[in-house]
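Asker: Here's a structure for you.
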Amino acid sequence: MIYQLAWNLNPGGKDWGTCFFIRINNLDYCVTARHVLPRIVGDFQVGIREENKGFNDGWIKIIRPILHPLADLAIVMGDWSDVPYTPYNLGSSGAVGDNVAMLGAANTSCDTGPLGVNIGLNGNIQNIFPDNHLKWVNKEFDVDFSHIPGCSGAPVLNNDNGVIGIYSRDSGNKNVKCSDINNIYDIICQ
């Protein structure tokens, strides 16, 4: 189950991305890509909504993101008690050639329109590499997915529906770069 995050960046404007919940060691975390969140410090208000719900019909939350220092990964701290989420489980790391799937929320208007249509993509891991984008030094992998704005922060699943990565950004070679979800331990253990 995925949701869309939306927040005010400036008067009259919003930005958004995809988030999901994952269960690790019997604790649930809301996670997304680091670049999805505003570059501000401290608590801020965010809307989280389901498919076919307008932004104002979503849940308005005060959240505090915990950003991974070296990976495109963030935990979104907040009171999620009224959000009817179903968490994914952590999957084992993938290998080149493995089949993977992604479920994300493509962009639409966050002001009045419904959540972006849920997009499901299937692909194969093309390459696994350490990444140095924006000084992030972490394990990432290329998948032959299409790049779809709004899907950043979506879960990348293995054949057992375990999360192995987070949909991140266009790789520049018609693939999508995904951050290895195991980097989440670097945040949890801080």
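Asker: So, taking all protein chains as they sit and a 1.4 Å probe, how much accessible area belongs to residue 3, in Å² rounded to tens?
Answerer: 0 Å²
Asker: Go through 157, 70 and list them by solvent-accessible area, largest first, probe radius 1.4 Å.
Answerer: Accessible-area ranking of 157, 70, largest first: 70, 157.
Asker: Using θ = phi - 60° and the Karplus curve 6.51 cos²θ - 1.76 cosθ + 1.60, what whole-Hz ³J(HN,Hα) does each residue of the stretch 27-33 get, with Gly and Pro shown as x?
Answerer: 10, 9, 10, 8, 10, 7, 7
Asker: In nm, what is the difference between 0.36 nm times the number of residues separating residue 124 and residue 60 and their Cα-Cα distance?
Answerer: 19.4 nm
Asker: Taking H placed 1.01 Å from N in the peptide plane, check which residues at least 5 places from residue 91 or on another chain put their amide H under 5 Å from its amide H.
Answerer: Under 5 Å from the amide H of residue 91 lie the amide H atoms of 163, 164, each far enough along the sequence or on another chain.
The values are calculated or read from the model by the stated rules, or taken from the named source; none is laboratory data. Since this is a predicted model, take the numbers as computed values, not measurements. When the accessible area is computed, the model is the full protein with side chains, heavy atoms only, and any ligands, DNA or RNA have been set aside. Shrake-Rupley method; radii C 1.70, N 1.55, O 1.52, S 1.80 Å.
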